[in-house]
Amino acid sequence: MNIRKSLRPIILVFFAVALLTGVLVDLLSKRGIDPEVIFFGNLFLFILTVFSFWVLNRGLRSATTLGFTSSVYGSFLAKLVFSATAVVLYAWQKGDQKNMPALFVCMFLYLIYSFFEVKGLMALLLKKK
């Protein structure tokens, strides 16, 4: 399995969420969920996941265990720090007007992206063996 094939589900999730967010703008707004936050959160998580996938894929190709372990920790810390920074900046900028339901949707998207990232990397690892 090549890298493009492993990234395909991640790309499909991005476009599916973007399309659903665009189509369901009225429904989301009626339910008190800001579609703009979901759209930008989805974009942010997509970019972060692709970066993390790239770092972990390089770690899989590392000749040493230390290289692989460093890529796992680096990827995890990067996702954690960038995600936490984005949430703090959003909350600071919006103050009392922050949209918590949209943040919870983004947290769920984080889990979905992480699932497909690990699934794709596992497929690459099994193919490598």
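Values in this text are rule-based calculations from the coordinates and carry no lab data. Treat the numbers as computed from the prediction; the structure is a model and nothing was measured. Reconstructed Cβ throughout: ideal geometry from the backbone, glycine too, with neighbour counts over all protein chains shown.
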Exercise. Sorted by mean Cβ packing within 10 Å, highest first, what order do the peptides 118-127, 45-54, 103-112 take?
Worked result: 45-54, 103-112, 118-127
Problem set entry | Size of electric dipole in the chain: Cβ of Lys, Arg +1 and of Asp, Glu -1, about Cα centre, debye, nearest 20 | 740
Exercise. How big is the gap, in Å, between the Cα center of the range 26-62 and the Cα center of the range 88-129?
Worked result: 6
For this session: Order these peptides, 66-77, 22-33, by their mean beta-carbon neighbour count within 10 angstrom, highest first.
Result: 66-77, 22-33
Exercise. Straight-line reach from Lys79: which aspartates and glutamates have Cα under 17 Å away, leaving out those fewer than 8 places along the same chain?
Worked result: Glu117
Seminar exercise, completed: With the charge dipole of the chain built from beta-carbon charges (+1 for Lys and Arg, -1 for Asp and Glu) about the Cα centre, the Cα from Pro101, Phe115, Leu28 projecting farthest to the positive end belongs to Phe115
For this session: For n ≥ 4 DSSP H runs only, could you compute -39500 (n - 2.57) per run for the chain, divide by its residues and tell me the 222 nm figure to the nearest 500?
Result: -30500 deg cm²/dmol
For this session: Mind pulling the angle between the C-alpha long axis of helix 35-60 and the longest principal axis of the chain? Nearest 10 degrees, somewhere in 0 to 90.
Result: 10
For this session: For Asp34, list long-range residues whose amide hydrogen, built 1.01 Å from N in the peptide plane, is under 5 Å from its own amide hydrogen.
Result: Ala102
Exercise. Length gain on complete extension for the stretch Val25 to Met122, per 0.36 nm per residue less the alpha carbon to alpha carbon distance?
Worked result: 31.4 nm
Problem set entry | From the coordinates shown, Kirkwood radius over Cα pairs in Å corresponds to which of (i) 15.8; (ii) 14.2; (iii) 15.3 | (i)
